[in-house]
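Here is the structure we will look at.
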């Protein structure tokens, strides 16, 4: 069996293989409530054969959403809407499902990408006042966010905790905290966005303090053994920004707090970023974190080929690989990878008869001779 199709343990959660569907915003919710689009979209991914499906960045508060159409889990209505989707998925797919909890910080109140993605004015009926570690806009011409005071910080921690409790109540099986891509927790980490002079700003230790506080609060609010981890941007791709050395130290601190894993991405905090993009361009970041910290590590970023993904695991660069755009393009990517690598995936019986004769038996539940 290939390395990619070996099981992986994240605290009490066992993954059947090491293919993870990364969170992908759909900008298709109604007041934070999952819609029929989510049922269609997630239904495809749930029968993909991946080891884990992580739901998109989900706002812990209305002001924590990236856009007015972002998924949220801050109200009873949000919870009921997501429950409807999850019930349908679980009826037909055994895939474990986790959720990414997020606060967009100064990048909130933005239009969906197909509408240009620009910030929506707080004076617009669709917009709101953003908040951040410091009163520094993300980009020139954008509105200045409000710097969170002590009461605001307490409120945000409480929002993450309450949303995590809703996630557990819904039967979700893991929580990823979004500490990457320029959103609130990443903003605290990066000296580009964090100019505070209190205990949450200045030194690396101080800048890590609030994201670690959020992590510890969420971890304490969920049952023992329930996996909680964080996604980090390994580098801002900007001089004097957050960097890989800092990411390694952050991962060490997360490990000490009981993190189940670390998901290593990059960028997002500044429009000045200059990214060198190539296949697997973020994998070396994950490899260093794994080597120096020893925490289960998820690599992501232009991982597109089955052999490439398998080599990442085989070489010890990461413990799992996450795919996002590649899964949108090919929602059966794990099936095709199994055919190439002689692995096995879960698939619904309605589809058993479709496997290519040249690939062998790639479905774990398929019966030989099925017609």
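The values are calculated or read from the model by the stated rules, or taken from the named source; none is laboratory data. No experiment lies behind these values; they were computed from the predicted model shown. A quick note on method: Cβ atoms are made from the backbone with ideal geometry, for glycine too, and the neighbour counts reach across all protein chains shown.
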Worksheet entry | Filter pass, residue 203 being under 26 Å from residue 32 (Cβ atoms) and free of Cβ contacts under 8 Å to residues at least 60 places away in the same chain | no
Fill in: Residues (buried (at least 23 other Cβ atoms within 10 Å of the Cβ) and within 21 Å of residue 15 (Cβ to Cβ)) located in segment 266-282
282
Worksheet item: For segment 75-103, how many residues are in contact with a helix residue (DSSP H, G or I) (Cβ under 6 Å, 6 or more places away or on another chain) and in a loop (DSSP other than H, G, I, E, B)?
Response: 3
Practice prompt. Take residue 193 and decide whether it is in contact (Cβ under 8 Å) with a residue 24 or more places away in the chain, in contact with a strand residue (DSSP E or B) (Cβ under 8 Å, 6 or more places away or on another chain), surrounded by 23 or more Cβ atoms within 10 Å (Cβ to Cβ) and part of a loop (DSSP other than H, G, I, E, B).
Written response: yes
Discussion item. Testing residue 41 on (1) in contact with a strand residue (DSSP E or B) (Cβ under 6 Å, 6 or more places away or on another chain); (2) surrounded by fewer than 24 Cβ atoms within 10 Å (Cβ to Cβ), one condition comes back false. Which one is that?
Written reply: (1)
Worksheet entry | Conditions (1) surrounded by 13 or more Cβ atoms within 10 Å (Cβ to Cβ); (2) at pLDDT 95 or above; number of the one not met by residue 363 | (2)
Fill in: Options 332, 288: the member that is under 28 Å from residue 11 (Cα atoms), touching a helix residue (DSSP H, G or I) at 6+ places or on another chain (Cβ under 7 Å) and either at pLDDT below 95 or surrounded by 16 or more Cβ atoms within 10 Å (Cβ to Cβ) (or both)
288
Worksheet, complete the sentence: The one condition residue 302 fails out of (1) in contact with a strand residue (DSSP E or B) (Cβ under 6 Å, 6 or more places away or on another chain); (2) not in a helix (DSSP H, G or I) is (1)
Discussion item. Just the residues that are touching a strand residue (DSSP E or B) at 6+ places or on another chain (Cβ under 9 Å) and either buried (at least 24 other Cβ atoms within 10 Å of the Cβ) or closer than 22 Å to residue 157 by Cβ (or both), please, taken from segment 68-78.
Written reply: 70, 71, 72, 73, 74, 75, 78
Worksheet item: How about segment 138-156: which of its residues are within 19 Å of residue 199 (Cβ to Cβ), in a loop (DSSP other than H, G, I, E, B) and either in contact with a strand residue (DSSP E or B) (Cβ under 9 Å, 6 or more places away or on another chain) or modelled with pLDDT under 95 (or both)?
Response: 148
